[in-house]
């Protein structure tokens, strides 16, 4: 297991390696450049590897203004289940939502993974 946190554990070496399983627990909502970060995660995943993302899914537009998750100033982006499924399609990952606020995405095991433009 390798750790990385830009503030509390700023060891960038793990970001240059490849993994069978990557866990982002309460992380994705802090991505200032989510497209770039998901592309980095794709590069870090070995073929057949899994990405687990846990974040509080945004579900109710009418209550967004009072949503506790939105009021955290470090939370700069929010995801719906549909958004995570879109991201998975973008990278040709398989996506499962096994429980509330968790997405499990698997990179194809074939080495010729072609991106959707």
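Each value in this text was obtained by applying a stated rule to the coordinates, not by laboratory testing. This one's a predicted model, so the numbers in the text were calculated from it and none came from an experiment. Reconstructed Cβ throughout: ideal geometry from the backbone, glycine too, with neighbour counts over all protein chains shown.
Tabulated values for the structure
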read-out: Residue in the range 9-21 that is surrounded by 17 or more Cβ atoms within 10 Å (Cβ to Cβ) and in contact with a helix residue (DSSP H, G or I) (Cβ under 7 Å, 6 or more places away or on another chain) present; value: no
read-out: Residue satisfying condition, being part of a helix (DSSP H, G or I) and closer than 19 Å to residue 18 by Cβ, within set 46, 40; value: 40
read-out: Filter result (touching a strand residue (DSSP E or B) at 6+ places or on another chain (Cβ under 9 Å) and more than 13 Å from residue 24 (Cβ to Cβ)) within the range 50-85; value: 57, 81, 85
read-out: Any hit, the range 51-66, residues being in contact with a helix residue (DSSP H, G or I) (Cβ under 7 Å, 6 or more places away or on another chain) and in a strand (DSSP E or B); value: yes
